[in-house]
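Just below is one structure, and these are the notes that go with it.
The values are calculated or read from the model by the stated rules, or taken from the named source; none is laboratory data. Everything numeric in this text was worked out from a predicted model, so none of it was measured. Cβ: placed from backbone, ideal geometry, glycine included. Neighbour counts: every protein chain shown.
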Amino acid sequence: MRLLHVSNIVSHHQIPLARCFARTLGEKNFRFAATLPGLPDRQQMGWDSTLKEAWILRPGENPGDREEFKAWWDNVDVVLCGERLFKRMQTRVKNGQLTFHKSERWWKPPIGRARLLHPSFLRMTKQFCHLATFPAFQFMPVGAYAAADIRGLSAFTGRMWNWAYFTEVPDPVPSCHRSGEELRILWAGRMLGWKRVNTLIAAFAQLSRRFPRAKLTLAGHGPREETLKKLAAKLLLPGTYEFLPAMPVTEILRLMREHHIYVLPSTGTEGWGAVVNEAMTQGCTVVASDAAGSAKTLLRHGINGMLFPPNDAGTLGQLLCELAESPELRTRLAEQGQRTITQCWAPALAAERFLAVSEALLANREAPVFTDGPMSPAWE
């Protein structure tokens, strides 16, 4: 089998899966194509888009890669595409060539289905629905919300498969046990309004009144940075919090291993949020807004993490207090969260399942059935 995997950029959220494809298929049978150069805001956060692998194509930057990308697209057995290249996809599926399209949710709040009022989005939706009429077209929603959006748009009986972002899983995985009496809470990312870091600061103020030894670390940058610093100075005591600059992913992972709890307070604009995968892998207890795609898909409240409604600082504060009171609960949730990633949402497993389904479809056989995780049915 020859596979072309298409995405927008080379990122640490995509490459672990691509490496698994390359190892399994062999480098001569696999290409990963990044349609855009590295995005400046991601580079400021320490993302490295300069990775050199023989199987990486950069058609948006290199004319030679552009020609090779076109040849692979036209002739390869399977295309897995995360970009909305619907015209290109239509050519393939009309010829009966197996083509998977993966996407985050379409109806992100607060706009939701009102996006259809925009002519370009309405046109794109019609193109998608037309693609859905071809048996060779398969859809892979990235997260439970993305699946629900498309179920309400088009009937994909038997041709819609659960998918995600798959971050690297080290071997061995880090310990879930943390030393020291000081409770350490972490957030990292772009400081944007919909990330709702203000909700976390307000919740931490509630926690620190009961547990003054707790400490909050906020790492990153963005247009809300100064506003957040002013809010923290107003609500929190000096010495109970720190702001760190944006840093490479390896440093963020190190911080995760040093902190007890990772909090993702984002609204539903967070289509996925791969930082949840990373924090679970690194042994953090994860507390997340149930509006974020990764939280909705990966977390089960009280089993492998904790969930709270977006913008609800009171509930988040209560959950943090509950975790502060029980090291045993923190460790249990962290261990189960880590197992969720390693046993069900690891890149090697995702690659294995995707290739198994693709091989079956290419041979006109019935595809294997997985009860949960990547490539489980998303049409029900």
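A few notes on this one:
- A count restricted to segment 289-321 and to residues that are surrounded by fewer than 21 Cβ atoms within 10 Å (Cβ to Cβ), free of Cβ contacts under 8 Å to residues at least 40 places away in the same chain and assigned to a loop (DSSP other than H, G, I, E, B) stands at 5.
- Close pairs (6 angstrom Cβ cut-off, 6 or more residues apart or separate chains): outside the structural domain of Ser266 (by TED's automatic domain parsing) and touching a residue at least 40 places away in the same chain (Cβ under 8 Å) in segment 105-132, in a loop (DSSP other than H, G, I, E, B) and surrounded by 12 or more Cβ atoms within 10 Å (Cβ to Cβ) anywhere: Arg105/Gly271; Lys108/Gly268; Lys108/Thr269; Pro109/Gly268
- Residue check, Thr217 touching a strand residue (DSSP E or B) at 6+ places or on another chain (Cβ under 6 Å), surrounded by fewer than 18 Cβ atoms within 10 Å (Cβ to Cβ) and of a type outside the set (Asp, Glu): yes
- Number of positions in segment 119-151 that are among the small types (Gly, Ala, Ser), surrounded by fewer than 21 Cβ atoms within 10 Å (Cβ to Cβ) and in a helix (DSSP H, G or I): 3
- Between Arg213, Arg178, the distinction of being more than 25 Å from Ile111 (Cα to Cα) and either outside the structural domain of Pro327 (by TED's automatic domain parsing) or acidic (Asp, Glu) (or both) belongs to Arg178 only.
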